[in-house]
Amino acid sequence: MARERGRKARAWAKDDDDKANGIWKAPPVALKKSGPPSSALIGLSLLGNLDGIYKHSSFHEIKLDTLTTGSRQRAGGMLLFGYTFLAKLWISFGYDENGFDEGIVERFW
């Protein structure tokens, strides 16, 4: 610990001397190797074909024409949710209204 403090103190003293003499240069910035982002911009959830689950022919007296889903979107996120129902593709886009600055979602969408 003492050796580390001594090494840092000498480096800071040299920086101070170089600044006083007008010859100090900022150390080079170490660039991080770029990789995949740490978080996704938007989530994607594809539920699949719900006609196989809802047997329309079994319930003659009830005619379903739409389906309300309960997708679970993370706080501060966006979710594109899709499924097929009655041989139609349904897509919904949900987002956390308080998770983005004004205009960000509108520009994205």
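Quick notes on this structure:
- Scan of the stretch 77-106 for residues that are open to solvent by less than 100 Å² (accessible area, probe 1.4 Å), outside any strand (DSSP E or B), under 20 Å from Gly43 (Cβ atoms) and not acidic (Asp, Glu), ordered by number: Gly77, Gly99, Phe100, Ile104, Val105
- Residue within the stretch 40-53 that is open to solvent by 90 Å² or more (accessible area, probe 1.4 Å) and in a loop (DSSP other than H, G, I, E, B) present: yes
- Complete set of residues in the stretch 8-25 that are open to solvent by 70 Å² or more (accessible area, probe 1.4 Å) and either touching a strand residue (DSSP E or B) at 6+ places or on another chain (Cβ under 9 Å) or not in a helix (DSSP H, G or I) (or both): Ile23, Trp24, Lys25
- Scanning the stretch 53-67 for residues that are of a type in the set (Asp, Glu) and closer than 12 Å to Ala87 by Cα returns a single hit, Asp65.
- In the set Arg74, Arg5, only one residue is surrounded by 11 or more Cβ atoms within 10 Å (Cβ to Cβ) and either without any contact (Cβ under 8 Å) to a residue 12 or more places away in the chain or within 28 Å of the chain's Cα centre (by Cα) (or both); that residue is Arg74.
The values are calculated or read from the model by the stated rules, or taken from the named source; none is laboratory data. From a predicted model like this one, the values you see are computed outputs, not experimental measurements. When we count neighbours, we look across all protein chains shown, and the Cβ atoms used for this are built from the backbone with ideal geometry, even at glycine. The accessibility values were calculated without ligands, DNA or RNA, using every heavy atom of the protein model including side chains. Shrake-Rupley method; radii C 1.70, N 1.55, O 1.52, S 1.80 Å.
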